[in-house]
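What follows draws every value from the coordinates through simple rules; no lab data is involved. Just so you know, these numbers come straight off a predicted model, no measurement behind them. Here the Cβ is made from the backbone with ideal geometry for all residues, glycine too, and neighbour counts use every protein chain on show.
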Amino acid sequence: MQWKAITTNLGQTAYSLWNNGRKLLTLAYKSQTDWVHVEAEDGERRYFKYRKKGLLKHKVVLENEYGTDLGELKREGDRQYIIIDDKRYYLNFLNNKEVAIVEENTEKPLAVCSLDVEASTPKAKDGLLMVLCYYLLGHPQKHEEFTLA
């Protein structure tokens with residue numbers, strides 16, 4: 001997987017997530033308002049808010065458009081991890097551009113993502129990783145139909 005920076009005709013920077021030549025997500029990050037606009041390949045459009053939350057102990061969270069926490073970014077020493085649905089996913093930075101996402105208590109990466117986003121800020125990179133983790137690990141991919149017996 002790879003995040004690539006793209007520039008719109010309005011001069012704004014957006015990002016697209018690619019996997020094996022197929023675009024999965026397009027993300028526009030608005031740093032002034034901390035809103036993240038995401039459009040999935042299937043046409044689903046979502047708005048997320050990526051921000052610091054809390055009075056005494058700040059935590060970085062990803063909220064949906066209704067203000068519900070979907071994920072949380074934490075640091076423990078020099079390690080970073082994302083919590084989604086009470087599960088920890090560690091971010092192992094392989095080099096400056098590649099990140100392996102590893103579930104807690106395992107060693108095999110669930111995904112390896114390349115961040116081809118040179119001009120972005122550390123806050124934007126963290127937001128990209130949180131959105132990636134949410135869509136890979138916490139996002140309901142398909143809704144099953146239930147039948148009444």
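Quick notes on this structure:
- Structure note, pairs 23/87; 23/59; 23/74; 74/123; 53/123: Cα-Cα distances above 24 angstrom occur for 23/87; 23/59; 23/74.
- Here the simple spin-label model places points 7 Å from the Cα toward Cβ, and for residue 116 and residue 100 these points are separated by 2.2 nm.
- Rounded, prolate or oblate (a/c below 1.5 giving rounded, otherwise prolate when a/b exceeds b/c) for the stretch 1-113 by Cα gyration tensor: oblate
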